[in-house]
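Here the structure comes first, spelled out in structure tokens, and everything after it is commentary.
The values are calculated or read from the model by the stated rules, or taken from the named source; none is laboratory data. Model, not experiment: these values are computed from the prediction. Quick reminder, even Gly has a Cβ in these numbers, built from the backbone with ideal geometry, and neighbours come from all protein chains shown.
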Amino acid sequence: MLRLILFRLATFIPTFFGVTLVTFAFIRVLPGDPIVVMAGERGLSAERYAELMHQFGFDQSLPVQYWDYLWGVLHGDLGLSLVTRKPVSTEFFALFPATLELSICAMIFAVLMGIPAGVIAAVYRGRLFDRALMSSALVGYSMPIFWWALLLIIVFSGNLNWTPVSGRIDLLYYFPAVTGFMLIDSLLSGQSGAFGSAVQHLILPTIVLGTIPLAVIARQTRSSMLEVLSEDYIRTARAKGLSPWRINGVHALRNGMIPVVTVIGLSVGTLLGGAILTETIFSWPGIGKWMVDSIFRRDYPVVQGGLLMIALMVMVVNLVVDLLYGFINPKIRKR
Amino acid sequence: MTDTAAPVRPSPLAEFWRYFSENRGAVIGFWVVVTLLAIAVLAPLIAPYDPALQMRDKTLLPPGWVSGGDWSHLLGTDPLGRDILSRLIHGARFSFFIGFIVVGIAASGGILIGLIAGFAPRWLDTVIMRIMDIILAFPSLLLALVLVAILGPSLINAMIAIALVLQPHYVRLTRAAVMNELPKDYVTSARVAGAGLIRLMFVTVLPNCLAPLIVQSALAFSNAILDAAALGFLGMGAQPPTPEWGTMLAEAREFILRAWWVVTFPGLAILITVLAINLMGDGLRDALDPRLKRS
């Protein structure tokens, strides 16, 4: 196990520096003078130009610039937003709970629907239910989620008027952010109706963001269950006369879950990519929308900082998943 | 199965088709893709109208079968009075163009780098794989979005960006396949027979690594179409008035509650295309790579 940890860290650290190099390069490879590009159509005076040159350190040599950047990153300094003038890291952590809440709900939705669906499909392999389920999983997997979001809005917000179209909660309610999670904060606020409103706002984005993970989890659960169900110990369990519920739900599921857990862990990147589209469509004030808005506003320090934070998160989660996997499955440790 | 112990081994193509056609979904997917491809190629001949033609007296006309619709515009018209069916037919060209070019760039680059990594000394291999890890650390859509922000929003730049983010998958797969083939006897014998490095890489080893790469290409093709549409939707891909499906959706967004058809059909076109390619990809995997076979 120690070997695995050391091996994974030995790949993690160079990758981390590589990622910082990429995000460092980002502002510098913008075509043209980055300061002029950032200023956009407004233009700027010569003094302001010199001041900005100095502020970003563009008047120094590249290695020095990179060193300064890295030093800042390691101390949690990601620069200032050009638009709000607030530190990028402050903005990131202010908006991150919204994305986290949405992602967690999407994942819970995907797991709660996907694992039972996959198990049932495997148990009734080849039957109508299996085929219908796997066909829908493939449709879900092929779904352009931005279109899926628009369709759900047409049906549930437009025609049925069940769910709101955007935001995290009705403007009627106001309470201070304690945890940043709307579901928890609305309960803490004690205002009647606030929690219900938060739930209503969450439903459609959760379904949209959870659709592709749901399809992936259902497919993976089915195939790993099929593999496990053909093992000898399952036959033994059957011969012992255990109930099908116990065999499928306990004996088989426990081992069938190992690859599924990995798939869940590794879909963090997909989830964050999907959050960009989902948050943009539902005006969900999280990291994804923040990134898209910043790209359009040419707020490059934000894009740079956000890119680094998101990559870092994906890397850390992958590292944890790998280590957990090694912990669950000793075979992998020997690599 | 109608196979009766034929003495002659069937040609690889026939054998491939036999396995491929066992998967009914794959065959359906295949024919849908062929049809869509034909539509794309023949777009100017099939499309009833010019995709850019704005009929100002016929804006937001509903589809033919809906009351108020007009059968001469089967799928209705958009807010500028352009025929949606014609735009979709022309859009097919962009989607396949995107798919082929992106997969072409990503596959050729990725396979070459993967081959080099597989044959290279340890240190070079490590460097290459770390670089791929770095690219893979970024969610692909986000990285593509940022690259397009750097290069400027256009279809070509979106394609370059998507090819770049799809490429590491090819590198990893090729390298793994090469590593798997290298210790085999036929490689050693080719080496002993005096085959040079280039010959070993491209003639001896590469053809035996193709199966997973072809399967990956189907996946990459559908990903490329989805990502390009997503970038178009976010305003960072093809620019209006290009009839690219994602861009059409972006233009239609503000009309979703008034005119469902402007939103429904472009998305449906994306879904059908991607689904057909994915169905085909599943069949390809079953036929080419028995180890990956979904039981």
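Where in segment B:1-96 are there helices (runs of 4 or more DSSP H), lying fully within it, with 3 or more residues that are of a type in the set (Phe, Trp, Tyr), surrounded by fewer than 19 Cβ atoms within 10 Å (Cβ to Cβ) and modelled with pLDDT under 80? Spell out how you get there, then give the answer.
Values: elements: B:12-22, B:24-41, B:43-46.
Passing ranges: none, list empty.
If a residue must be touching a residue at least 60 places away in the same chain (Cβ under 8 Å) and facing chain A (nearest Cβ under 7 Å), how many such residues does segment B:118-154 contain?
Counting residues in segment B:118-154 that are touching a residue at least 60 places away in the same chain (Cβ under 8 Å) and facing chain A (nearest Cβ under 7 Å) gives 4.
Of the residues A:Leu202, A:Leu152, A:Leu209, A:Leu172, which single one is farther than 28 Å from A:Thr262 by Cα, in contact (Cβ under 8 Å) with a residue 24 or more places away in the chain and crowded, with 19+ Cβ neighbours inside 10 Å?
Working: A:Leu202 fails: farther than 28 Å from A:Thr262 by Cα; A:Leu209 fails: farther than 28 Å from A:Thr262 by Cα; A:Leu172 fails: crowded, with 19+ Cβ neighbours inside 10 Å.
Selected residue: A:Leu152, the only one of A:Leu202, A:Leu152, A:Leu209, A:Leu172 that is farther than 28 Å from A:Thr262 by Cα, in contact (Cβ under 8 Å) with a residue 24 or more places away in the chain and crowded, with 19+ Cβ neighbours inside 10 Å.
Against the definition (surrounded by fewer than 24 Cβ atoms within 10 Å (Cβ to Cβ), over 14 Å from A:Phe146 (Cα atoms) and either in contact with a Ser or Thr (Cβ under 9 Å, 6 or more places away or on another chain) or of a type in the set (Asp, Glu) (or both)), how does B:Pro207 come out, yes or no?
Working: surrounded by fewer than 24 Cβ atoms within 10 Å (Cβ to Cβ): yes; over 14 Å from A:Phe146 (Cα atoms): yes; either in contact with a Ser or Thr (Cβ under 9 Å, 6 or more places away or on another chain) or of a type in the set (Asp, Glu) (or both): no.
Answer is no for this residue.
Would you be able to say whether some residue in segment A:181-196 is modelled with pLDDT of 85 or more, part of a helix (DSSP H, G or I), crowded, with 22+ Cβ neighbours inside 10 Å and of a type outside the set (Gly, Ala, Ser)? So that I can check it myself, show each step before the final result.
Step one: filter segment A:181-196 for residues modelled with pLDDT of 85 or more, giving none.
Within segment A:181-196 (the criterion being modelled with pLDDT of 85 or more, part of a helix (DSSP H, G or I), crowded, with 22+ Cβ neighbours inside 10 Å and of a type outside the set (Gly, Ala, Ser)), the answer is no, since none of the residues qualifies.
When A:Asp68 is evaluated against the numbered criteria (1) more than 13 Å from chain B (Cβ to nearest Cβ); (2) within 28 Å of the chain's Cα centre (by Cα); (3) surrounded by 15 or more Cβ atoms within 10 Å (Cβ to Cβ), which criterion, by number, is the only one it fails?
Single failed check for A:Asp68: (2).
When segment A:224-235 is examined, which residues are found to be among the hydroxyl-bearing types (Ser, Thr, Tyr) and either buried (at least 23 other Cβ atoms within 10 Å of the Cβ) or touching a residue at least 24 places away in the same chain (Cβ under 8 Å) (or both)?
A:Ser224
Please report, ordered by residue number, the helices (runs of 4 or more DSSP H) entirely within segment A:241-312 with at least 3 residues that are more than 9 Å from chain B (Cβ to nearest Cβ) and not aromatic (Phe, Trp, Tyr).
A:253-266, A:287-297
Here's a check for you: in segment B:243-258, which residue that is facing chain A (nearest Cβ under 10 Å) and either in contact with a Cys (Cβ under 6 Å, 6 or more places away or on another chain) or in a loop (DSSP other than H, G, I, E, B) (or both) is surrounded by the fewest Cβ atoms within 10 Å (Cβ to Cβ)?
First, the residues of segment B:243-258 that are facing chain A (nearest Cβ under 10 Å): B:245-246, B:249-250, B:252-253, B:256-258.
Imposing the further condition that a residue be either in contact with a Cys (Cβ under 6 Å, 6 or more places away or on another chain) or in a loop (DSSP other than H, G, I, E, B) (or both) reduces the set to B:256-258.
Details: B:Ile256: 20, B:Leu257: 13, B:Arg258: 10.
Across segment B:243-258, the extreme among qualifying residues is B:Arg258.
Could you grab me the full set of residues in segment B:167-212 that are part of a helix (DSSP H, G or I), among the charged types (D, E, K, R) and more than 28 Å from the chain's Cα centre (by Cα)? Even if it seems obvious, please write down each step before you answer.
Here is the first cut: in segment B:167-212, the residues part of a helix (DSSP H, G or I) are B:167-181, B:185-192, B:197-212.
The next check asks that each one be among the charged types (D, E, K, R); those that pass are B:172, B:175, B:181, B:185, B:191, B:199.
Within segment B:167-212, B:Asp185, B:Arg191, B:Arg199 meet the criteria.
Please name all residue pairs, on different chains or six or more residues apart, with Cβ atoms under 6 Å, provided the first residue is in segment A:287-303 and is farther than 18 Å from A:Leu30 by Cα and modelled with pLDDT of 85 or more and the second residue is of a type in the set (A, V, I, L, M, F, W, C) and crowded, with 22+ Cβ neighbours inside 10 Å.
So the pair list comes out as A:Gly288/A:Ala275; A:Gly288/A:Ile276.
Since A:Met257 meets every condition but one in (1) modelled with pLDDT of 90 or more; (2) within 24 Å of A:Ala218 (Cβ to Cβ), which condition does it not meet?
(1)
Being facing chain A (nearest Cβ under 8 Å), among the hydroxyl-bearing types (Ser, Thr, Tyr) and touching a residue at least 12 places away in the same chain (Cβ under 8 Å) is the filter here, so list the residues in segment B:259-280 that pass it.
none
For the condition in contact with an Asp or Glu (Cβ under 8 Å, 6 or more places away or on another chain) and at pLDDT 80 or above, what is the one hit in A:Pro63, A:Pro116, A:Pro97, A:Pro87? Reasoning before the result, please.
On the way: A:Pro63 fails: in contact with an Asp or Glu (Cβ under 8 Å, 6 or more places away or on another chain); A:Pro116 fails: in contact with an Asp or Glu (Cβ under 8 Å, 6 or more places away or on another chain); A:Pro97 fails: in contact with an Asp or Glu (Cβ under 8 Å, 6 or more places away or on another chain).
Being in contact with an Asp or Glu (Cβ under 8 Å, 6 or more places away or on another chain) and at pLDDT 80 or above holds for just one of A:Pro63, A:Pro116, A:Pro97, A:Pro87, which is A:Pro87.
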